[in-house]
Amino acid sequence: MNAKGGLSANRARQVQEFLKQNFSRKLSLAEMAAVCDLSPYHFARAFSKTFGISPHQYVLMLRLDFAEKLLADRRMPITDIADLSGFSSQSHFTTTMKKYRNATPRQVRARLGRSRTSE
């Protein structure tokens with residue numbers, strides 16, 4: 001670990017890569033910590049120091065970013081997008097998107113549709 005208590009650059013890269021590849025499935029803190037060879041407690045603290053948010057929030061951001069890309073395809077049902085993005089249900093997806101993006105999946109989809117037609 002680096003002097004400030006965060007993850008080393010190498011471990012930060014390793015865990016980012018791991019999360020990018022696995023965000024859509026259920027991840028435990030212990031599993032994430034194992035990537036960095038740390039206890040869950042130390043990992044959570046070091047991760048938060050390094051990235052400025054908790055591991056859980058980081059995974060949610062990856063899921064929301066992915067879901068937003070999928071929402072651009074109007075043919076894909078929102079329930080499928082929730083599932084593919086790693087949310088336990090459509091309501092969990094909707095609640096999380098509303099909390100972090102200030103819009104429901106349907107509102108995001110409508111906004112994406114408008115921006116595409118105005119290009």
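The values are calculated or read from the model by the stated rules, or taken from the named source; none is laboratory data. If you're wondering where the values come from, they're calculated on a predicted model, not measured in any experiment. Note that we place each Cβ from the backbone using ideal geometry, even for glycine, and neighbour counts take in every protein chain shown.
In the range 1-13, how many are within 17 Å of R45 (Cβ to Cβ) and under 16 Å from the mean Cα position of the chain (by Cα)?
Here is the first cut: in the range 1-13, the ones within 17 Å of R45 (Cβ to Cβ) are 1-8, 11-12.
Filter once more, keeping what is under 16 Å from the mean Cα position of the chain (by Cα): 12.
Matching residues across the range 1-13 total 1.
I need the helices (runs of 4 or more DSSP H) fully contained in the range 1-67, keeping only those with at least 2 residues that are out of contact with any Cys (no Cβ under 8 Å at 6 or more places or on another chain), free of Cβ contacts under 8 Å to residues at least 24 places away in the same chain and closer than 30 Å to R111 by Cβ.
Fully inside the range 1-67 and qualifying: 9-22.
Output the number of residues of the range 36-68 satisfying the condition of being outside the structural domain of V15 (by TED's automatic domain parsing) and among the acidic types (D, E).
Going through the range 36-68 one residue at a time, the tally reaches 2.
Just to be sure before I move on: is R111 loosely packed, with under 15 Cβ neighbours inside 10 Å and touching a residue at least 60 places away in the same chain (Cβ under 8 Å) in the structure I sent?
No.
Could you run through the range 6-44 and say how many residues are surrounded by 17 or more Cβ atoms within 10 Å (Cβ to Cβ) and more than 30 Å from D80 (Cβ to Cβ)?
9
What is the number of the single condition among (1) crowded, with 19+ Cβ neighbours inside 10 Å; (2) among the basic types (K, R); (3) assigned to a loop (DSSP other than H, G, I, E, B) that R74 does not meet?
With (1) crowded, with 19+ Cβ neighbours inside 10 Å; (2) among the basic types (K, R); (3) assigned to a loop (DSSP other than H, G, I, E, B) applied to R74, the lone miss is (1).
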